[in-house]
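Values quoted throughout were computed directly from the atomic coordinates according to the rules given, and no laboratory measurement underlies them. All figures in this text were calculated on a predicted structure; none of them were measured in a lab. Neighbour counts run over all protein chains shown; Cβ positions are idealised from the backbone, glycine included.
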Amino acid sequence: MRTPVPLLAPLALILGCSQTLPSAPPAPRAPEPAQATPISPPAPELPVTISTTEELEAETKDALRAVLRTHDVGRWVFTRDIAIDAFAIPHSHPVLTLHARYRKSPDRLLLLFVHEQLHWYLDEPAKQPGLAAAKAELAQRYPDHPGGLPEGGFNSDSTLLHLVLC
Ligand SMILES: [Zn+2]
C-alpha cells in the first residue's frame, strides 16, 4: 500500500509550495525475480502544460525581441538594460524589469516596455523642473486624485507622475 506523500510532491511543485516533504529512508529491497522485458504503456497526455520560470522568461525574451524587431522604438529607448523576472511587478529602476505575463500579448508587452522606458525619460535631471510644474498643475486641477493603489499609483506623487507619463 502506498502512502499519499508521493502524489502530493508533484502537486506541491505545480502550486509552488515551498513545503518540503520528509524523505523516507530507502526500504531494503528483495531481489526481483527474472522477467521478460516489460512493455510500458504509452504515457497518458497531461491535461495541463507545466512551464518553469526559466521557460516563461525565455518566451518573454523572444517575444520582446520580436516586438522590438517589428516596431521602431529607438526614440523611446532611454535604458538598454532590460531584465525579465517572470513574476516580478514591472518596474523601471534600478533596472527596467518586465514580467512574463504579456509574453503572448505583443501589444501589451510593447506598451509595458515603452511605459517603463518613459520612467527613465522623466527621470533625466533636465526634465525635473517641467515634471514638477506639470505635477503641481495636475494636483491643482485634480485635488481628489487617488493617493494610493489600486486606483492610483503607490502614493499621490506616483499618481501624478503616471498622469504625466501615460
Ligand atoms: Zn509606471
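When peptides 146-156, 77-87, 40-50, 94-104 are sorted by average Cβ neighbour count within 10 Å, with the highest value leading, the order is 94-104, 77-87, 146-156, 40-50. Within a straight-line Cα-Cα reach of under 27 Å, K135 can be paired with the following lysines, leaving aside sequence neighbours fewer than 8 residues apart in one chain: K127.
Backbone phi angles across the stretch 75-85, fed through the Karplus curve with coefficients 6.51, -1.76 and 1.60 (θ = phi - 60°), yield HN-Hα couplings of 6, 9, 9, 10, 9, 9, 8, 10, 10, 10, 10 Hz in residue order; Gly and Pro are listed as x. Here's how it looks for H91: its modeled amide H is under 5 Å from those of T97, which are all 5 or more places away or on a different chain. By the Kirkwood approach, averaging reciprocal distances over each pair of separate Cα atoms, the stretch 33-166 gets a hydrodynamic radius of 17.9 Å.
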